[in-house]
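All remarks here apply to the structure that follows.
The values are calculated or read from the model by the stated rules, or taken from the named source; none is laboratory data. Keep in mind the model is a prediction, meaning the values are calculated, not measured. Neighbour counts run over all protein chains shown; Cβ positions are idealised from the backbone, glycine included. SASA here: full protein model, heavy atoms, side chains in, ligands and nucleic acids out. Shrake-Rupley method; radii C 1.70, N 1.55, O 1.52, S 1.80 Å.
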Amino acid sequence: MSTAGATRSRPRLDLGSFIRLTELADYFVPFTIRAVAELGIADQLIAGPRTVEELAGATGTHAPSLRRALRALACKGVFTEVEDGRFALTPVAELLRSDHPLSLRDAYHLMPSDVAAWAQLDHSLRTGEPAFDHVHGMSLWDWLAEHPADGERFDRGMQAMTRLELRGMGSAYDWGSLSLLADVGGGNGALLGGLLSQHAGLEGLLFDLPHVVAAASTVLARAGVADRCQVVAGSFFDIIPEGADAYLLKRILYGWDDDGAARVLRSVRAAMAPGSRMLVIEPVVDAGDPSGFGALLDVVMLAVDGGRARSTSELGALFAAAGLELTRVVKTMMFPIVEARPA
């Protein structure tokens, strides 16, 4: 081959694409953010800039190493070095404060069990099975039950996401048109309590496993709605209380394969009256979604949980098999509210 031909076949260097791929593939920044979030560095800067020595003393860390981490994050706009060795919050770092109304500090936990699973994502791509189960020999839920510290971290992360969901969906749906809202698989009642506190005429029914709803009384009392919310223990694979105007399933179906999701839907459908509605809130993977949030969380489910996010049409097919009809999709700043009614 001539020299000219070799030159023509050589790939063109697209510097912009090179930089973009490097940023996307870089795990250094995400890990560092999670480490400083766990240490509570942002909380130590609420009153203003502090030296790295002061931050290290307050958080029990090694000052020279902490400076290296904060200096790296400052290059990405997370924190700023206002002068040599003295750091302050940026608008991005503000979201890592524990007292921020939309705090993401707990959303970015750092669990070695997760890291080990992600390191073997290729196993999921080859087999379709969760890498977490492959690495640890048990499911995520069994692991969390056996490792309380990880379970607490996970729960705090879910609560952080619930705060965002509540902020986004509170005004997106006409909750005031309901008299009784049942949150099926509603955990400790954080979301339901938030909705009840926003709508004085609404009553609630929280339904989840006995050990899950054990802490609900405290959460509901803190929200000031304990007198308007009934707590019932049980499994959504068994009998679900009847009489609600709407049955809410928040981030439930995407944790199950199609058979498991269909069982949940049939169980809830059996409790619904002809005029009841079902409200499913979870990631949806639809072509053309500019955020791509559902597609990204679908990979999380592939690697860690074993479930899957679905498209609107796939949800519609699941509804139809359970005797339900998808009636509308309400967009929110987080996940859409997919409404269904008895067919």
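Computed from label points 7 Å out along Cα-Cβ, the spacing between R222 and L21 is 4.6 nm.
Can you find, among M138, A321, A271, the residue farthest towards the positive end of the dipole of the chain? Put +1 on the C-beta of Lys and Arg, -1 on that of Asp and Glu. Final value for the positive-end residue is A321. With viscosity set to 0.890 mPa s and temperature to 25 °C, compute the Stokes-Einstein D of the stretch 72-218, Rh being the Kirkwood radius across alpha carbon pairs; µm²/s, no decimals. This corresponds to a translational diffusion coefficient of 134 µm²/s.
What residue among T22, T327, T218 has the largest mean-square fluctuation in a Gaussian network model of the chain, using Cα springs under 10 Å? Of T22, T327, T218, the Gaussian network model singles out T22 as fluctuating most.
Starting from the alpha-carbon convex hull of the stretch 231-293, give the projected area averaged over all orientations, in nm². Mind showing how you got there, number by number?
Working: hull surface 22.1 nm².
Convex hull of Cα atoms, orientation-averaged projection: 5.5 nm².
For the stretch 206-247 and the stretch 38-86, what is the separation of their Cα centres, given in Å? So the separation of the two Cα centres works out to 42 Å. Accessible surface computed residue by residue for the chain, with neighbouring protein chains in place and a 1.4 Å probe, gives 51 Å² per residue.
Show me the three semi-axes of the equivalent ellipsoid for the stretch 197-311, from the C-alpha gyration tensor (sqrt of 5 times each eigenvalue), largest first, rounded to whole Å. Working shown, then result.
Values: eigenvalues 146, 60, 48 Å².
Sorted largest first and rounded, they come to 27, 17, 16 Å.
Take the Cα of E94, go 7 Å toward its beta carbon, and the backbone nitrogen atoms of the stretch 60-83 under 13 Å from that spot belong to 79. The value obtained for the stretch 112-181, namely the Cα convex hull volume divided by the number of residues, is 147 Å³ per residue.
How big, in percent, is the set of alpha carbon pairs in the chain lying more than 30 Å apart? Mind showing how you got there, number by number?
Numbers: 27004 of 58653 pairs.
So the portion of pairs separated by more than 30 Å is 46 percent.
Short-range pairs are left out: with C-alpha atoms under 8 Å and at least six residues apart, the relative contact order of the stretch 1-111 is 28 percent. Scaled against the 2.2 N^0.38 Å expected of a compact globular protein of N residues, the Cα radius of gyration of the stretch 1-138 reads 1.43. Shown here is the pair-distance distribution of the stretch 76-147: with all Cα-Cα distances grouped in 10 Å bins from zero up to the longest one, the shares run 17, 29, 23, 23, 8, 0 percent. Inter-label distance, S139 to L209: 0.8 nm, where each label sits 7 Å from its Cα along the C-beta direction. The mean sequence distance of close C-alpha pairs (under 8 Å, at least 6 residues apart), as a share of the length of the stretch 211-279, puts its relative contact order at 37 percent. Projected over all directions and averaged, the alpha-carbon convex hull of the stretch 189-230 occupies 2.4 nm².
How high is the relative contact order of the chain, given as a whole-number percent (alpha carbon pairs under 8 Å, six or more residues apart)? Don't jump to the answer; show the numbers that get you there.
Numbers: 554 pairs, mean separation 42.2, N = 343.
Relative contact order of the chain: 12 percent.
The magnitude of the dipole of the stretch 152-271, with charges of +1 and -1 set on the Cβ of Lys/Arg and Asp/Glu and taken from the Cα centre, is near 340 debye.
Evaluate E = 1/(1 + (r/R0)^6) for V115 and E53, where r is the Cβ-Cβ distance and R0 equals 35 Å; express this FRET efficiency to the nearest 0.05.
Numbers: r = 30 Å, r/R0 = 0.85.
FRET efficiency, V115 to E53: 0.75.
Taking 11 Å as the cut-off, the amide N atoms of the stretch 95-136 that come nearer than this to a point 7 Å along the Cα-to-beta-carbon line of E146 belong to 136.
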